[in-house]
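See below for the structure under consideration.
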Amino acid sequence: MNVNLGSLPQFRPYLDLAASTGQVALGGLDTSPAGDAESLHGETALYATTLSFEAGKPINYTGEPFSNVFIPVMDSFEDESKTAALLYATIRWSSYFKGIFTDADQPVDVVLSNTCDGAFTYEIRGEKVIFMGEGNRADRKYQDMMMSAKFDEDKVEIEPNTIKLTLNQGDCPYTLSIYPTREGEEYTKDELPLITTLAVAFVFVMTAAVFFFYDVMVEKRQKVILTTAQRSTAIVSSIFPKKVRDQMMQVPVQGNATKLRSLVNASKDQLHEDIKNDHVDASQPIADLFPHCTGEFITITWSDYNGL
């Protein structure tokens, strides 16, 4: 397609800016009447042809804004290089906004503007981007919730490792503003978020109650065990000497109960028979047995007692 861009008045200033400064020149927000590639209006035909190349089929231009970018081609990589040619590109802003959100996100209104050409409004609804028209068409009810950002030329560097091209917006800097929509507000007022919040809170409270009840039951059980142990210790201490009590406390409870029954129920002869046949408990004995000792008994008569 042979077109003399320098003959179009909206292109000429940015062509001269890129050629003279060696910077990437970002043009204005250019629009034209809607039409197809056969339109007699040169700009309309240009935009429709560009869209058709992108889609691979004939596309009509709807009147949405385009921004033209002119990128200088330098004659060398030296600091004193000069512009030898210009590359021309077109930004279709609806394509730039496409793919930012998913279908699960709530729609927002995006207002794109510069100080020379005014504002243009888009609606981003999931994967779709809808051009709403010229001017700021966002709901001003949400003005206090609006967020905006300016294109910062100082943060834009192209090919920083070679010729380090920078951006120049001329006298028309860009601003991007985002507004919430009525649909998003209705979604936040819907009962579903409230029900979800209450359900989460209920689960949290029930979980906390279960843990609290479990803690109370465990503490109660520990107190019962401690009371039983103290009572058993007191009973053993009141019946047996300290040495026997300490030995009983060092062996398992089952062994203690068996040993106590053996001591109470077994006769002396049976006890000797168990020792002889090695049938006694293998654990440490509670009672001390001295089978090879003799005892000396002293007989004192009443008369002897009277004489003491």
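The values are calculated or read from the model by the stated rules, or taken from the named source; none is laboratory data. These numbers come from a predicted model, not from an experiment. Virtual Cβ from ideal backbone geometry, glycine too; neighbours counted across all protein chains shown.
Structural remarks
- Each residue in segment 100-122 was checked for being of a type outside the set (A, V, I, L, M, F, W, C) and within 20 Å of Phe151 (Cα to Cα), and 8 of them qualify.
- Residue within segment 118-135 that is in contact with a Lys or Arg (Cβ under 6 Å, 6 or more places away or on another chain) and surrounded by 11 or more Cβ atoms within 10 Å (Cβ to Cβ) present: yes
- Identity of the residue in segment 59-70, touching a helix residue (DSSP H, G or I) at 6+ places or on another chain (Cβ under 7 Å) and not hydroxyl-bearing (Ser, Thr, Tyr), that ends up surrounded by the fewest Cβ atoms within 10 Å (Cβ to Cβ): Asn60
For every residue, the table says whether it meets (1) touching a helix residue (DSSP H, G or I) at 6+ places or on another chain (Cβ under 6 Å); (2) part of a helix (DSSP H, G or I); (3) closer than 30 Å to His292 by Cβ; (4) at pLDDT 55 or above.
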residue	(1), (2), (3), (4)
Thr197	no, yes, no, yes
Val205	no, yes, no, yes
Val216	no, yes, no, yes
Val236	yes, yes, yes, yes
Val251	no, no, yes, no
Asn256	yes, yes, yes, no
Leu260	no, yes, yes, no
His272	no, yes, yes, yes
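- Within segment 40-58, considering residues that are without any contact (Cβ under 8 Å) to a residue 12 or more places away in the chain and over 18 Å from Ala89 (Cα atoms), the one surrounded by the most Cβ atoms within 10 Å (Cβ to Cβ): His41
- Of the residues making up segment 93-132, those that are modelled with pLDDT under 90, in contact with an Asp or Glu (Cβ under 9 Å, 6 or more places away or on another chain) and small (Gly, Ala, Ser) are Ser94, Ser95, Gly99, Gly126.
- Pair list, Cβ < 9 Å and 6+ apart or interchain, from segment 142-166 residues that are not assigned by TED's automatic domain parsing to the domain that holds Met74 to residues that are β-branched (Val, Ile, Thr) and surrounded by 15 or more Cβ atoms within 10 Å (Cβ to Cβ): none
- Residue that is surrounded by the most Cβ atoms within 10 Å (Cβ to Cβ) [pool: residues in segment 142-156 that are out of contact with any Leu (no Cβ under 7 Å at 6 or more places or on another chain) and assigned to a strand (DSSP E or B)]: Lys150
- Residue in segment 97-115 that is within 12 Å of Leu176 (Cβ to Cβ) and part of a helix (DSSP H, G or I) present: yes
- Residue within segment 72-93 that is buried (at least 20 other Cβ atoms within 10 Å of the Cβ) and under 18 Å from Leu5 (Cα atoms) present: yes
- For segment 1-39, the set of residues classified as over 17 Å from Ser67 (Cα atoms), touching a helix residue (DSSP H, G or I) at 6+ places or on another chain (Cβ under 6 Å) and surrounded by fewer than 17 Cβ atoms within 10 Å (Cβ to Cβ) consists of Asp36 only.
- Qualifying residues in segment 163-179 (those that are farther than 23 Å from Asp16 by Cα and among the polar types (S, T, N, Q)) - the one surrounded by the fewest Cβ atoms within 10 Å (Cβ to Cβ): Thr175
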